[in-house]
Amino acid sequence: MTKRQIVLSIGAVAAALGASPAFAQAVSSEWRILTFGVFGAIIAVTMWVTYLAAKRTKTAADFYTAGGGVSGLQNGWAIAGDYLSAASFLGIAGLISLYGYDGFMYSVGWLVAYITVLLVIAEPCRNIGKYTMGDILAFRNNPKTVKTFMALSTITVSTFYLTAQMVGGGVLVKTLIGIDYEISVAVVGVLMLAYVLFGGMVATTYVQIIKAILLVVASLVMVALVWGQYGFSLPGYLGAVVGDADVQAQVARLLGDSARNMTPAELGQRFLEPGLLFKSPIDQISLGMALVLGTAGLPHILMRFFTVPTAQQARKSVIWAMAIIGGFYLLTLFLGTGAAMLVGAPAITGIDRGGNMAAPLLAQFLGGGKDSLLGNLMLAFVAAVAFATIVAVVAGLVLAAASAMSHDIWVGVIKGDKATSEEELKAARICSLIVGVIAIAIGILAKGQNVAHLVALAFAVAASANLPVVLLTLYWKKCNTGGVVAGLVIGTLSAIALVLVSPNMTYPVQIKAAQERIIKGADERIAKLNAELPGLADATATENAKQALAVAEKAKAGAEAQIKALGGATTSLVGLSEPWFQLRNPGLISIPLGFLAVLIGSLLYRDKRAEEMWEELYVRSNTGIGRAAASAH
Amino acid sequence: MQPSAALNWFAIDSDARFQTLHKRKSRFLWGLMAFAVVYYFLLPVGAAYFTDLFKIKIWGAINFGLVFALSQFIVAWGIAWFYARKAGEFDALAEEIARDADRIGARTR
């Protein structure tokens with residue numbers, strides 16, 4: 001990437017940001033210039049890194065795996081960067097700010113997931129693999145067959161994840177600074193493509209590291225400001241949380257009628273007890289299974305282990321990643337509870353119903369509030385970090401999908417492994433461009449869709465298809481091509497099919513019934529209030545009644561709009577009027593199915609060669625003899 | 001593609017040292033894995049079915065549930081630390097086998 005190209009792309013981004021006519025939301029309009037300044041500074045730093053990385057990206061190995069020359073510490077930060085997507089950074093802080101304990105409990109699974117990666121996946125993958133997950137499977141199976149299926153599964157998982165990130169990113173940027181959704185998606189896409197196309201894995205790795213460090217620093221500063229007021233005493237701080245009127249009011253709202261006989265102190269304490277968000281323990285266990293087994297099957301995470309030179313460095317990188325990710329989730333506990341106390345649930349949900357704005361709004365509050373320079377500078381910084389997060393995560397995903405396309409499908413299957421490094425590098429860049437453009441298109445087309453469950457689905461497919469085949473290839477002598485194909489197909493399809501018939505989908509009949517109940521309730525209230533209104537003597541009571549009337553009318557209008565939005569549809573996407581499968585997370589069923597498919601497929605297919613290759617695979621995976629070496633720079 | 005591709009892998013696999021490595025490592029890793037999984041799932045199960053236990057206050061507003069959730073972090077890090085310490089032993093054995101691989105795995109034809 002030349003300097004001129006970089007200047008041009010920064011210019012294009014700045015123009016896109018500046019030309020937007022929309023008004024600001026979290027950032028008010030007089031502070032937009034400041035926000036763009038901070039965004040620009042962070043983007044400029046990442047572009048400079050990309051420029052340096054582009055000079056080092058000469059071979060296919062550089063492009064896919066940074067030449068295997070990344071250290072364990074660097075890779076640990078990069079894994080943390082890949083993993084701490086906007087969903088976990090903003091999402092978990094938001095869940096804690098609204099639901100307390102349940103939000104915190106949710107974060108635990110994301111950390112525990114790395115134990116699987118550390119103990120049974122990272123080191124063997126480093127010793128057996130080269131560039132992609134397909135390489136691991138191809139070791140003792142029919143390379144063309146397993147690479148085709150593994151590449152399809154990689155692309156499926158990455159696309160689900162990517163769509164959620166693109167849509168989430170577009171909405172986020174719009175909510176934060178009021179840029180149009182389409183422009184936000186395009187800006188994310190163009191920046192990400194600049195990193196990937198020019199800098200490959202080297203640039204992507206450094207962008208992840210920079211972003212992860214910024215994220216941790218921003219969170220540390222905020223936590224110091226929140227917790228420091230209480231002399232860093234945990235009981236002191238949490239005592240203040242449960243004693244806070246905003247927190248107590250939020251719990252009362254969540255509990256509804258059952259909160260009537262509770263004292264304020266009980267309401268506050270309830271915030272630190274389970275059950276405000278999660279009502280179905282089986283669903284929680286199902287999600288936990290998908291997290292604990294799915295993380296070790298995510299292509300963009302596994303790919304990171306090919307960037308380090310040895311199994312020892314791979315191990316070291318997971319340990320660093322666990323330290324960073326775990327530490328970050330502990331900070332999130334303070335960010336979430338701090339936002340609940342200082343910003344308050346109504347202000348958080350006022351901007352975004354899912355609570356995603358908890359951390360940015362907390363930053364603004366800590367800096368001095370809506371009208372202060374420091375408050376808006378801090379908000380701008382957190383917003384810019386969130387933006388960098390989306391771009392970096394998307395870059396990692398695109399790189400994973402593009403590697404599967406170019407290395408597995410084009411080189412492995414079409415060219416029969418006979419391609420020079422130059423040809424492969426070119427193919428990898430073309431594939432990145434294709435995937436990137438498709439990602440932007442999907443992002444724009446999926447505008448307004450509910451895509452939150454797509455991340456959970458990505459984890460479910462990874463846990464039900466990718467993990468069983470990789471695990472059994474590495475640890476079971478009788479595993480073979482038949483098992484791999486059966487596992488990938490059945491694991492993927494069962495996870496997707498179960499989600500298609502689950503409560504995640506939209507069921508017009510149910511929504512209509514629920515909204516009609518709301519309208520009926522609102523009508524009754526409106527009638528009652530209207531009857532009371534003329535008889536009210538004092539001014540405050542009249543004012544209160546009028547306010548209640550306005551609330552009821554707003555609720556009615558909202559419900560009517562929702563019914564209208566259904567547009568006469570009566571069944572879900574697959575033609576159901578109600579969910580057929582009651583869990584939101586399919587893992588509980590699809591993960592055992594995936595494992596079973598590999599077992600049965602392998603036993604039915606029987607492949608002598610796969611069994612003969614077992615000793616070689618097992619010795620190599622445990623000793624690192626003959627592993628793909630790091631390229632010299 | 002690698003120089004060691006022509007090794008007799010079967011001979012290395014049945015070498016006593018490799019078998020020691022295999023047995024020790026498998027027992028250690030899968031044992032730790034099983035413990036980690038059981039300990040983790042105690043959290044959602046406990047939060048759903050043992051709510052009274054989770055609500056017991058221990059220190060100010062801090063209740064058992066919060067302590068248990070925090071312990072998940074300590075246990076996860078503890079497992080990482082424990083494995084990192086133990087792995088040196090596996091590394092030494094693996095390195096020894098890798099160094100001798102050409103001799104143990106020489107093809108006798």
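Assorted remarks:
- Longest exposed-site-free window of chain A, the sites being trypsin sites (Lys or Arg not before Pro) in a DSSP loop that have at most 16 other C-beta atoms within 10 Å: A:59-259
- Listed by chain and number, the aspartates and glutamates whose C-alpha is less than 20 Å from the C-alpha of A:K415, apart from same-chain residues fewer than 8 away, are A:D135, A:E423, A:E424.
- Working value for segment A:512-565: equivalent-ellipsoid semi-axes of 26, 10, 6 Å, each the square root of 5 times a Cα gyration tensor eigenvalue, largest first.
- Cα gyration tensor shape of the protein assembly as shown, rounded if a/c is under 1.5, else prolate or oblate by comparing a/b with b/c: prolate
- Ranked A:H453, A:H407, criterion: other C-beta atoms within 10 Å, fewest first: A:H453, A:H407
- Exceedance of the 23 Å cut-off in Cα-Cα distance is limited, within the set A:K130/A:K418; A:K520/A:K546; A:K144/A:K418; A:K426/A:K447, to A:K426/A:K447.
- Counting neighbouring Cβ atoms within 10 Å and putting the fewest first, the residues A:S464, B:S14 line up as B:S14, A:S464.
- If you wrap segment A:547-633 in the convex hull of its Cα atoms and look at it from every side, the mean projected area works out to 15.8 nm².
- Using the Cβ of A:M133 as centre and a radius below 13 Å, the other residues enclosed give a net charge of +2, where K and R count +1 and D and E count -1.
- Under 5 Å from the amide H of B:I62 lies no amide H of any residue 5 or more positions distant or on a separate chain, with H modelled from the backbone and absent for Pro and chain starts.
- Across q = 0.18 Å⁻¹, segment A:56-192 modelled as identical point scatterers on its alpha-carbon atoms has Debye log10 I(q)/I(0) values of -1.30, in the order of the q list.
- In plain terms, the chain from B:F50 to B:R103 could stretch by 13.2 nm, reckoned as 0.36 nm per residue minus the Cα-Cα distance.
- Nearest-ten-degree value, helix A:143-177 long axis tilted from longest Cα axis of chain A: 30
- Listed by chain and number, the lysines whose alpha-carbon sits under 21 Å from that of B:K86, ignoring those within fewer than 8 places in the same chain, are A:K316, B:K23, B:K25.
- For chain B, the equivalent ellipsoid built from the Cα gyration tensor has semi-axes of 47, 13, 10 Å, listed from largest to smallest.
- Straight-line cross-link reach from A:K174 at under 13 Å between alpha-carbon atoms covers these aspartates and glutamates, not counting any fewer than eight positions away in the same chain: A:E182, A:D352.
- Segment B:53-109, dipole about Cα centre (Lys/Arg Cβ +1, Asp/Glu Cβ -1), debye to the nearest 20: 260
FYI, it's all coordinate maths here, none of it is from the lab. Just so we're clear, the structure is a prediction, and the values are computed from it rather than from any experiment. In this analysis, Cβ positions are derived from the backbone assuming ideal geometry, glycine residues included, and neighbour counts consider all displayed protein chains.
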